[in-house]
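Notes to accompany the following structure.
The values are calculated or read from the model by the stated rules, or taken from the named source; none is laboratory data. What you see is a predicted model, and the numbers here were worked out from it, not measured in a lab. Heads up, the Cβs are rebuilt from the backbone with ideal geometry, glycines too, and the neighbour counts pull from every protein chain shown. The area values use the complete protein model at the heavy-atom level, side chains included, leaving out ligands, DNA and RNA. Shrake-Rupley method; radii C 1.70, N 1.55, O 1.52, S 1.80 Å.
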Amino acid sequence: MMLDRITKPNDVKKLTLEECEQLADEIRQFLIRSLSETGGHLAPNLGVVELTIALHRVLNFPKDKLIWDVGHQAYTHKILTGRKDQFPTLRKTDGLSGFPKRKESDCDAFDTGHSSTSISAGLGLVRARELQGENFTVISVIGDGALTGGMAYEALNNAADLNKNFIIVLNDNEMSITKNVGGMSNYLGNIRTAASYTELKIGVTQALKKIPRVGEGMVDALHKTKNSIKQFVIPGMLFENMGLTYLGPVDGHNISQMVKVLQEAKRKDGPVLVHVLTEKGRGYAPAVRHPARFHGTAPFEIETGLPKSNGKATYTDIFSTVMRKFGDREKDVVAISAAMIPGTGLKRFGNMFPNRMFDVGIAEEHAVTFAAGLALGGLRPVVAIYSSFLQRAVDQILQDVCMQNLPVVFAVDRAGLVGSDGETHHGCFDLSYLSMMPNMTVMAPKNKWELSDMLKFAIRQKGPVAIRYPRGEAYDGLQEHRDPVCMGKAEVIAREGGIALLAVGSMVKIAREARRILKERGCRVTLVNMRFVKPLDTGLLDQLAEDHSLFVTLEENVKSGGFGEAVLAAAARRKEKWPPVQVIAIEDQFVPQGSIPELLHRLGMDAEAVADRTYRWFEESKETDRREE
């Protein structure tokens, strides 16, 4: 097997072209088998196998620098740099990351996980290379979906000033997670239809070179007129007009052709854009048919492509159902997604109300300000974006929505710990960055019924509201506790005195189990579902302070600027009227990948750890009281 001959960086250079084609087939089969067990980003990686092999044929690792935009298509790169045997640990605790990681390999040039960043990072490396007087090649790979992000254009604008080599590979598969939208997608579509230009150029060049004595001169003359030929064959030539040399489009599954084009690109001075056409999910029929579903997949059955999961309702499913019902009843409710319609649960809404469903592509900043405009126009926009991606639009939320106090609802999916995607995808900062904003209301549901109630509440408000909820299976406990949602009011689930567990969102379930453990140890424990992080229910906390000796806050968010610190600040304003406050939250760190139960345990935030920490604090507070007496 060719795959067995790849044990370290640059081994692929030892293979013949025919052996590389066999290697591509073996890598695809390996990825399908491996990801059927671990889950991961299957469709994006199946689409770039030949492209990655070609890149490794022309680059020398780790000297040369290859930067992957988003990074969820770097599995073949990991295999070709000697990490194949680590794939059983993919996205697991202490295992192989699903994204490029510099600490994992010196062949990974840039840590990434968000979109539209690769050109900026690559440009920075090029400028550093020139200032340091070094000699290496820099290639940034960016998808056509990522080109919907404004940051990519900011970088392209700056790259045009370069007079030294910098290669940008545009991986064009007509997809981000779902089908691409907008003007850039249409423009690239026009170029795809003109792919015959590349074939014409290659054929003519090869034919001319065969002519004795005059052939090479004719090729040189042809190169001098290539710009006018391109302008005639390919309308617009946006990239060339911006100052980049454009090469392509080239078949992204033809290794030989890509190697030739990449070698040509390396010889150019200034920025070069190589336009590569690929097929997302190539080599696995279910992924070709359903590229969005196999963009990031749970473990699945290879024969059918069906997931191995239990299929229980997720919070995203609940959001989807409620939005569909609102679409029926409220004609002014509109939905906005940033290239994540299926992932955020808006597919049914979009199918039923296509004129009220807006997919803006990978453009979170635009999504938020666009929503502000919709709200000013009398509509009720619901912006559904993953927590980790929403933080890319903090300025727009603050300036364009909150400052004008506009009725925009933010459905913040995948909040808190998300598990296997790791540092770049955990949504553990949203309570902090949303709570700091004037006029913003911040909520978190304890279970699936409360998510439904909160969404109904939020859509009726006159200002901005954010509802954050976790990834995965929706909690169906505590159904009997369903107090009406009222602005800024918490819900007391059990009241006894002694210790008060003040929990937010997903931590209510953990606090409930911790309370059971504490009661077995003889403690009296009150459990509160805080519901609102902002505004804080200080009235209830004032009442609890009368007969409780310890407040413990619980949140699946970083401690800095979060719910617990808001309670600490409120306690400080009341001086000695409140009991001591202890905070259970994520400390000042980026949390690695792993299953959510494992991560909670490591962070001291699972039920057993919460009970142990709370019991210790409670005993310490009693000892302090005895000394003071």
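Numbers for the structure displayed
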quantity: Criterion violated by Gly497 - all others in (1) modelled with pLDDT under 95; (2) open to solvent by 10 Å² or more (accessible area, probe 1.4 Å) satisfied; calculated: (2)
quantity: Complete set of residues in region 343-359 that are buried (at least 19 other Cβ atoms within 10 Å of the Cβ) and either in contact with a Lys or Arg (Cβ under 7 Å, 6 or more places away or on another chain) or at pLDDT below 95 (or both); calculated: Gly343, Phe349
quantity: Evaluation of Lys280 against (1) under 27 Å from the mean Cα position of the chain (by Cα); (2) among the charged types (D, E, K, R); (3) not in a loop (DSSP other than H, G, I, E, B) (one fails), failing number; calculated: (3)
quantity: Flag for Glu423 being of a type outside the set (A, V, I, L, M, F, W, C), in contact (Cβ under 8 Å) with a residue 60 or more places away in the chain, within 30 Å of Pro88 (Cβ to Cβ) and open to solvent by 10 Å² or more (accessible area, probe 1.4 Å); calculated: yes
quantity: Residue ID - modelled with the highest pLDDT, chosen from residues in region 126-170 that are open to solvent by 10 Å² or more (accessible area, probe 1.4 Å) and β-branched (Val, Ile, Thr); calculated: Thr137
quantity: Condition met for Leu51 (closer than 20 Å to Ser97 by Cβ, of a type in the set (A, V, I, L, M, F, W, C) and under 30 Å from the mean Cα position of the chain (by Cα)); calculated: no
quantity: Tally of residues being part of a strand (DSSP E or B) and under 19 Å from Tyr469 (Cβ atoms) across region 521-552; calculated: 5
quantity: Enumeration of residues in region 361-386 that are modelled with pLDDT under 95 and open to solvent by 20 Å² or more (accessible area, probe 1.4 Å); calculated: Ile362
quantity: Hits in region 431-485 - residues which are aromatic (Phe, Trp, Tyr) and open to solvent by 30 Å² or more (accessible area, probe 1.4 Å); calculated: Trp449, Tyr475
quantity: Among (1) more than 22 Å from the chain's Cα centre (by Cα); (2) more than 22 Å from Val261 (Cβ to Cβ), the one test that Leu80 misses; calculated: (2)
quantity: Residue match in region 54-72 (condition: part of a helix (DSSP H, G or I) and among the aromatic types (Phe, Trp, Tyr)); calculated: no
quantity: Qualifying residue in region 245-261 (condition: closer than 12 Å to Ile168 by Cβ and either in contact with a Ser or Thr (Cβ under 9 Å, 6 or more places away or on another chain) or surrounded by fewer than 16 Cβ atoms within 10 Å (Cβ to Cβ) (or both)); calculated: yes
quantity: Tally, over region 348-368, of residues that are of a type in the set (D, E, K, R) and in contact with a Leu (Cβ under 9 Å, 6 or more places away or on another chain); calculated: 3
quantity: Selection count where residues are surrounded by fewer than 24 Cβ atoms within 10 Å (Cβ to Cβ) and more than 25 Å from Glu330 (Cβ to Cβ), scope region 390-418; calculated: 7
quantity: Yes/no for Ala24 being in contact with a Gly (Cβ under 6 Å, 6 or more places away or on another chain), aliphatic (A, V, I, L, M) and either surrounded by fewer than 22 Cβ atoms within 10 Å (Cβ to Cβ) or in a helix (DSSP H, G or I) (or both); calculated: no
